[in-house]
1. Looking at segment B:144-159, which of the residues that are within 12 Å of the ligand (Cβ to nearest atom) and farther than 20 Å from B:LYS38 by Cα is nearest to the other protein chains (Cβ to nearest Cβ)?
2. Given the structure, is B:ALA62 more than 14 Å from every other protein chain (Cβ to nearest Cβ), exposed (fewer than 14 other Cβ atoms within 10 Å of the Cβ) and more than 9 Å from the ligand (Cβ to nearest atom)?
3. Output the number of residues of segment B:247-270 satisfying the condition of being over 16 Å from B:VAL217 (Cα atoms) and either in contact with a Gly (Cβ under 9 Å, 6 or more places away or on another chain) or more than 10 Å from chain A (Cβ to nearest Cβ) (or both).
4. Across segment B:25-40, which residue is farthest from the ligand (Cβ to nearest atom) among those that are away from chain A (no Cβ under 14 Å) and closer than 26 Å to A:GLU112 by Cβ?
5. Taking only pairs six or more apart or across chains, which ones have beta-carbon atoms under 7 Å, a first residue in segment B:108-133 that is under 17 Å from B:ASP192 (Cα atoms) and among the acidic types (Asp, Glu), and a second residue that is part of a loop (DSSP other than H, G, I, E, B) and more than 6 Å from the ligand (Cβ to nearest atom)?
6. Run A:THR187 past the list (1) among the polar types (S, T, N, Q); (2) part of a loop (DSSP other than H, G, I, E, B); (3) within 18 Å of A:GLY512 (Cα to Cα); (4) touching a helix residue (DSSP H, G or I) at 6+ places or on another chain (Cβ under 9 Å) and report the number of the one that doesn't hold.
7. Go over the candidates B:HIS43, B:HIS22 one by one and state the one that is more than 10 Å from the ligand (Cβ to nearest atom) and within 14 Å of chain A (Cβ to nearest Cβ).
8. Only one of A:LEU61, A:LEU87, A:LEU51 is surrounded by 23 or more Cβ atoms within 10 Å (Cβ to Cβ), among the hydrophobic types (A, V, I, L, M, F, W, C) and touching a strand residue (DSSP E or B) at 6+ places or on another chain (Cβ under 9 Å); which?
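The values are calculated or read from the model by the stated rules, or taken from the named source; none is laboratory data. Keep in mind the model is a prediction, meaning the values are calculated, not measured. Neighbour counts run over all protein chains shown; Cβ positions are idealised from the backbone, glycine included.
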Amino acid sequence: MSTFSIIGKRIPKPDAIPKATGQIIYGHDVKVPRMLYGKILRSPLPHARILHIDTSRAERLSGVKAVITAKDLPPRRFGYGRDRTPLKGDKVRRCGDEVAAVAAIDEDIAEEALELIRVEYDPLPAVFDPQAALRPDAPLIHEDRESNLFRHQEYVHGEPDRALEEADVVVEDEFDLGYVQPAPLETSFCLAAFDASGKLTVWSTTQIPFLLQKDLSEALGIPGRDIRVIQTAIGGSFGRGLDMYSFEPICVWLARKAGRPVRLAFTRQEEFAVSEARQSMRIWARAGAMRDGRLWVREAKVLLDNGAYVSWGTVTTLVLMETIGSLYRVPHARVVYDSVYTNNPITGAVRGFGNPQGTFVVEVQMDRLAEAIGMDPLEFRLRNANRPFEETPQGIKITTCGLTECLEEAARRIGWSEKRAAPSRRGAIARGVGIAATMNVGGGARIYRSDGCGCIVKVDDFGRVTVLTGATEIGQGSDVVVVQIVAEELGIRPEEITIVNDDTAVTPWDVGVHASRTTFIAGNAALRAARQVKAQILETAEELLGASAAELELRDGYVRIREAPEQRIPFDKVVRARHFRQGGQVIIGHGWYDPHNEMLGPDGKGNISATYGFGAQAVEVEVDVETGKVRPLRVVSAHDVGRAINPMYVEGQIEGGTVMGLGYALSEHLQVHEGRVLNLTPFDYRMPTIMDAPPIETVIIETDDPEGPFGAKGVGEMGTNPTAAAVANAIYNAIGVRINSLPITPEKVLRALKERGS
Amino acid sequence: MRFFEYYAPKTLDEAIQLLVRHGEGAYPLAGGTDLVTKARYGHLRPRVIVNLKRIPGLNDIAPEEDGGLRLGALVTLAEIARSLLMGERYPLLAQTARKMGSVLIRNLATVGGNLCNAAPSADMAPPLIALGAEAVIVGPRGERRVRLEKFFHGPGQTELRHGELLTAIRLPPPRPRTRGVYLKHIYRQAMDIAIVGVAVLLQFDEQEAIAEDARIVLGAVAPTPLRVPEAESVLIGAPLTEDRRLEAARRAARAARPIDDTYSSAWYRREMVGVLTRRALEHLVSHSPER
Ligand SMILES: Cc1cc2nc3c(=O)[nH]c(=O)nc-3n(C[C@H](O)[C@H](O)[C@H](O)COP(=O)(O)OP(=O)(O)OC[C@H]3O[C@@H](n4cnc5c(N)ncnc54)[C@H](O)[C@@H]3O)c2cc1C
């Protein structure tokens, strides 16, 4: 039985009711005195030289307070590839590139002003196909580069060439994985204001408040120490907030030029047209196995379309590499990738970060291999599942690992053994089941030189505890999880803790919320800070209770003697006793946690995370063979999360992630034609609605990770990773047709059925 | 959304005069689920908006002396879905309304707005045409009536001339032994525009063996809702065998003039016309569950 009092409790989110009743203050709600509204003029062309920009008429429009073009900005570049300026002066490289911006007293005037700006373009030949972009005669998108290739990388372990010869069976596929959008409900937003001394405050929905200070500083030449980032309540993010984008420095510069605060918020259409999408990838892959059921080799060639500029999203290939190299025990593997510039929309970070793509390839081919050797796909997976405390050839040091349990549990609950063997068919309706697993970083991911987070815990005179953490709350529940960890350690109720997590001027540094890292990293930082507080409390209580610290415990709001619990003093009284005396001291603890993980070497090897999360999803689908329509009937999602600090949020992450995965699998698709996004509304984009979400049964497997706070590992992205593969495998089980391009629309299914001639 | 003038007249005359006075750029407003969305997205820029919701008499569902029904243009989809009178006399319409938008949208959206917006995919049009509905139009020169079949001229274009308003839909008395169904093909389970819509209405003979009359109307596969007489004729006067139903479905698919767009390819739309028409007929003939 658990000895915890707070860990494992389903404590509701404090912002749930304010969100449901519309009382929460999102970025879009924030207004400050004298605030202006900013708008951006965007390029209608995918590739063109800018010959001339005339802003004079816009400047004369009454109500316009600032108009800026590239000429107004310091000549600085920003972004992961240092390949863009906030406003483009010489040429545009994608539809939607930022050319000029205005700030006006209201949005209508700002919009009208945009229409008064005249831009003369000289269209250039554009390239939209990443393969074509690599040809020597392709139009060069960035003139200071030799080609449109941004990065080529090769990863190898074992001897893949030999292994492909040795393998008893080899399967080969081409995958075409389309663009999807993170599409949070709240569109991109920024509000910038300078105070009288020239210091800048930015209200933002970013996931990286501290790196945003640095990025803004680099893009604009404003010292980072003069930039304060305040995070508003964030209306969803899903990875979008992992980079700084052009609109943020533009908003700041408008505020500087106008001498007034400026707010800039995207319209929904802008959000679809220019905010960063999940990388579309073309992947050619082979995998081999031995007849006895050993997975033997995997090889993948990946073509990643960055779009016109690279963002952190280009790093998704590292994650994909890790999935292909280490999900299941595979003795030989090779991944080769080219990440390429095109005149397409920019791509960026989206939940899963390369893992949904990699998992799709691995898990579809796992099914194909099992079929080729005549083995049940579940059995094949179990034989090759990663094991606890095993290092993969890639240098990934797996510690706790519940993959086997996840696979078994997901399969059992979906009714695998009865259903898989006999997919049913009634009239036009066929049913089938599929399964797919996932491995995801669960103990941070060292993609920056630091993977750290800071935390301060202080206690006031009444025993109220304040936790200052760098960890960002984007709806996932880190605001409660961190509190639960501190409450457990200090033996107090979560209601007695206030969390502050939204202001770089107040909270300690953190690298950002990404890589499912917050519970693990920020949780460990909070635990360290809480332990210092605990030590201080115990030190004072020793005197008051006349017992040594080792004999004392903090529980239920008291410090008490473990063996004689009736001898106790209230928590707050101990705090006051420490304050109100000669030579008194304040109670405050601080913690910094940076895990012992490694950045990947140039060979793509290394232990990128301090621990790894595992999961398996089983899906039952119904396919209408006359319309091609696929309906997921039920999903079972089993995950090894180390320990569920708050099971409700673990379930929430898994359910939300799964629905996002279902969108990726079946309906969501950002349609891009010649660099232009065609579907610009939620209507046209087809995110799943609640009516499309099937019952999702979540299973939490606890493996008590030695490094995690109270044994916890990350779970934020895992739900999304395996869904598309599980659905594709279930469709195959139902109708015997393989669709290797996402999303699997009714039309693709029907075409495939007709081609097969059924 | 840009600045516009807003009026909320209390009489029909006043509304018509406002529209006439302000000319192009003046739009009547009903539920606003199409109009406001289009204005937000910049697809149209109203200079003047004339709200019709304060005008009495436009949102009733009223029985008429001949046994028919007068459906006010401002009746919402939610009202159609839950009206007992509708459910009793024209269950096809109540059923169609339930397949549109979401609860929130249905509470706002009106039947008149759906028709006047004249999207090729408008769900109310095929079943209303199948039922033989008539549009009641009032304008500066008084009232006129047009068969709904003739109301649509193209995407976003209708019989209405500037200053004219659709005030009601007139439904002829329900005919005996008549059953209808509207099948709407969408990718998601809700909130989708029809990829294809098929309304089928059959009037059976006393023995329920032969159809005395048949109507097949397609949505989203031509610039306007498309009635398919050549498919209807196969079904009338002879037993509704599987062969006949298949033939009708084939003819409907052939008659469709679909386009490729972001929702679907023309190929897929045509395929779906065939499947949905066949399924609608199966459902009506054999009472098989609707899919
Ligand atoms: C999320 C969402 C989901 C939707 N789902 C569906 C769906 O499933 N099926 C479907 O068919 N549609 C759907 N729609 C479209 C829309 O809701 C319907 O077409 C609706 O019936 C329009 O009615 P309204 O009262 O809102 O029209 P409005 O937006 O008020 O008006 C539409 C147009 O008609 C004109 N107009 C309105 N009333 C009159 C009148 N009496 N006389 C003359 N002109 C008039 C207006 O000027 C305007 O041009 C959806 C829309 C949204 C936003």
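1. B:PHE151
2. Details: more than 14 Å from every other protein chain (Cβ to nearest Cβ): yes; exposed (fewer than 14 other Cβ atoms within 10 Å of the Cβ): yes; more than 9 Å from the ligand (Cβ to nearest atom): yes.
Against the criterion (more than 14 Å from every other protein chain (Cβ to nearest Cβ), exposed (fewer than 14 other Cβ atoms within 10 Å of the Cβ) and more than 9 Å from the ligand (Cβ to nearest atom)), B:ALA62 qualifies.
3. Filtering segment B:247-270 down to residues over 16 Å from B:VAL217 (Cα atoms) leaves B:259-268.
With the extra rule that they be either in contact with a Gly (Cβ under 9 Å, 6 or more places away or on another chain) or more than 10 Å from chain A (Cβ to nearest Cβ) (or both), the set shrinks to B:259-260, B:266, B:268.
Here the count works out to 4.
4. Applying the first criterion (away from chain A (no Cβ under 14 Å)) to segment B:25-40 yields B:25-32, B:35.
Still in the list and also closer than 26 Å to A:GLU112 by Cβ: B:25-29, B:32, B:35.
On the way: B:GLY25: 11, B:ALA26: 9, B:TYR27: 4, B:PRO28: 4, B:LEU29: 5, B:GLY32: 4, B:LEU35: 3 Å.
Looking at the filtered set, the residue picked out is B:GLY25.
5. Close Cβ pairs (under 7 Å, with a partner that is part of a loop (DSSP other than H, G, I, E, B) and more than 6 Å from the ligand (Cβ to nearest atom)) amount to B:ASP123/B:LYS99; B:ASP123/B:ALA194.
6. (3)
7. Result of the check over B:HIS43, B:HIS22: B:HIS43.
8. Of the residues listed, the single one that is surrounded by 23 or more Cβ atoms within 10 Å (Cβ to Cβ), among the hydrophobic types (A, V, I, L, M, F, W, C) and touching a strand residue (DSSP E or B) at 6+ places or on another chain (Cβ under 9 Å) is A:LEU87.
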